[in-house]
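Here is the structure we will look at, set down as structure tokens.
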Amino acid sequence: MPSERQITIFDTTLRDGEQSPGASMNIAEKMEVAQALVDLGVDIIEAGFPIASPGDFEAVRTISQNIRGAVICGLARSSDADIDRAWEALQYAERARIHVFLATSAIHREFKLKMDKDEIIRRAVNSVRRAVGYCPDVEFSPEDASRTEVDFLCRVVEAAIDAGATTVNIPDTVGYGTPAHIGNVIRTLRERVPNIDRAVISIHCHNDLGLAVANSLAAVENGAGQIECTINGIGERAGNCALEEVVMALRTRHDHYGCTTRIVTPRLVPTSRLVANITGIQVQRNKAIVGRNAFAHEAGIHQDGMLKERRTYEIMKPEDVGLAKTDLVLGKHSGRAALSDRAVALGYHLSAEQLQTVFDEFKRLADKKKEVYDADIAALIEQEIREAPETWVIAGYRLIAEMGQVPTVTLSLKRGDEEATEQVTLGDGPFDALFHAVERITGVEVVCRDFNVHSVTVGKDALAEVTVEVAHEGQIYRGRGVSTDSVQASVQAFLSAINHVAAHLERSVKPPAPQVGSKA
Ligand code: KIV
Ligand code: ZN
């Protein structure tokens, strides 16, 4: 193997990641993530599974039409209809890839597909050929490859390459592999498949045993040239291989792997934040690379070592993953230019109007809180750029709550010039009562599926960030609120979810049916 290989990064946040419960995104959100992935430097964006739903189709088509700078990929089962539909969505892409998959393991053959081995090979070959008829860049995945008999896996891979597959992806679909096992599978394919040099070997690991990153690295060590991964490791069940972790492992241990990627690593934290804010799936504090504690040194002995020489306890520089060099504190005397610099350092590009709004919010916050940290600024910016349509806004609330007693809430909301106030005495607690009051005023009833409060930074005066997920007529909507007052942040979050529902309802109001005799 040459000593310096460039590993292709195939991001499937918008397909495998989005498939996980609670991670669904609308088209505008998918477009935002797709652009962020281009800025991050990923080589291939798997934008969706076009036949899965009209929404998925639209998302892949819109991304193909508008996003430039990466290959756009769409998933298809090994069926003509799937492949045709995938191409219909992908045809506009600057560079397109069709990703065809078919399960190959004994358990899938017997129980899911009810096909024998020869039939699987026939089906795989026909599908790859059909996809090649549309575009030259075709990836084939033998689903559940890690549990497939290795001799049969070699046969399938050889047949797929002969049929025109330019990438053969080896999925550890159920996260069953271990590093030695996955390394062995890749090595065996390289040794036994005669035409293997005509295709790139890819690895796709799920994280059921917490080994997705380790398994992907083992695959690279044994010759894989592409890694499939997602931002923050989101995905089915325990998720996929986390892009930020695998990329930083390759970079930090370049001495060992001898591989590079095209990833612009200072974009890792901003992209992670973007995906977390859009999906509402926050990363755990101690998550490698992008977790809040990933570069925090608490222990006195560590802090002492760090002051003497940073490398005593730090193997990566925070700025290399997109954390500002110093968590520089801004305060009420800081000006707009300082805030603007900080926003750029955090990876945001704000219009003059957005900067002004964030600056006004920043000044209000700095009045309440002596020190404003990067995380506070990022939270204010996110609030501004991800603002829901402001159908209703909070005008004020009064809350009387006592342990063991039914709370009383008086809530006022504004819609344009109109103000409505509702007083309710009900619910299991103050938040329940507030949410009931919001529903009464807006006339929109939802089921609250998730309600999360966390502090953006440390200290009693920290900003509270609240995320809410609600269901309305089978659709999921999310809302977010940020304030030093956690009750206000909660109402804001609930209200922004309700505003999304209201906007959706307004959009779906059908025009009146044409009158008899009128022109269409
Ligand atoms: O995990 C899996 O097997 C997949 C395939 C469709 C590649 O996501
Ligand atoms: Zn998968």
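Which whole-number percent is the relative contact order of the stretch 47-103 (Cα, under 8 Å, 6+ apart)?
38 percent
For each pair in LYS287/LYS369; LYS287/LYS460; LYS30/LYS117; LYS287/LYS308, compute the distance between the two Cα atoms and list the pairs where it is over 31 Å. Don't skip to the end; give the middle numbers.
Values: LYS287/LYS369 28 Å; LYS287/LYS460 24 Å; LYS30/LYS117 38 Å; LYS287/LYS308 26 Å.
Violating the 31 Å limit, Cα to Cα: LYS30/LYS117.
Please get the size of the charge dipole for the stretch 158-241, origin at its Cα centre, with Cβ charges of +1 on Lys and Arg and -1 on Asp and Glu, quoted in debye to the nearest 20.
Working: 5 positive and 9 negative charges, 17 e Å.
Dipole of the stretch 158-241, to the nearest 20 debye: 80 debye.
Which value in deg cm²/dmol, rounded to the nearest 500, describes the helix-derived mean residue ellipticity at 222 nm for the chain, given -39,500 (n - 2.57) per DSSP H run of n ≥ 4 and division by the residue count?
Calculated mean residue ellipticity at 222 nm is -12500 deg cm²/dmol.
Rounded if a/c is under 1.5, else prolate if a/b is larger than b/c, else oblate: which is the chain, with a ≥ b ≥ c the root eigenvalues of its Cα gyration tensor?
It is oblate, given that a/c is not under 1.5 and a/b is not larger than b/c.
Give the accessible surface of the chain per residue, rounded to a whole number of Å², with probe radius 1.4 Å and ligands, DNA and RNA excluded. Walk me through the numbers on the way to the answer.
Details: 23750 Å² over 520 residues.
I get 46 Å² per residue for this part.
If packing is taken as the mean number of other Cβ atoms within 10 Å per residue, what is the order of 7-16, 408-417, highest first? All intermediate terms of the calculation are to be shown ahead of the outcome.
Working: 7-16: 26.2, 408-417: 16.9.
By packing density, highest mean first, the sequence is 7-16, 408-417.
Report the one residue of GLY69, HIS99, GLY55 whose Cα lies farthest in the direction of the positive end of the charge dipole of the stretch 1-118 (charges on C-beta: Lys and Arg +1, Asp and Glu -1; origin at the Cα centre).
The listed residue farthest towards the positive side: HIS99.
Please give the helix 430-442 orientation as an angle from the longest Cα principal axis of the chain, in degrees from 0 to 90, rounded to the nearest 10.
90 degrees
Would you please put 39-49, 159-169 in order of how densely packed they are, using the mean number of other Cβ atoms within 10 angstrom per residue and starting with the highest?
So the order, starting with the most tightly packed, is 39-49, 159-169.
Rounded to the nearest percent, how much of the accessible area of the stretch 64-199 (1.4 Å probe, protein heavy atoms only) is carbon and sulfur?
On the stretch 64-199, the fraction of accessible area on carbon and sulfur atoms equals 47 percent.
For the stretch 219-366, what % of the accessible area comes from carbon and sulfur atoms, probe 1.4 Å?
So the carbon and sulfur contribution to the accessible surface is 51 percent.
List the relative contact order of the stretch 170-302 as a percent without decimals, with contacts defined as Cα pairs under 8 Å and 6+ residues apart.
The value is 19 percent.
Taking only C-alpha pairs under 8 Å that are 6+ residues apart, what is the relative contact order of the stretch 61-147 in percent?
Answer for the stretch 61-147 is 32 percent.
The values are calculated or read from the model by the stated rules, or taken from the named source; none is laboratory data. These numbers come from a predicted model, not from an experiment. Cβ atoms come from the backbone with ideal geometry, glycine included; neighbour counts cover every protein chain shown. These area figures cover heavy atoms from the full protein model, side chains too; ligands, DNA and RNA do not enter into them. Shrake-Rupley method; radii C 1.70, N 1.55, O 1.52, S 1.80 Å.
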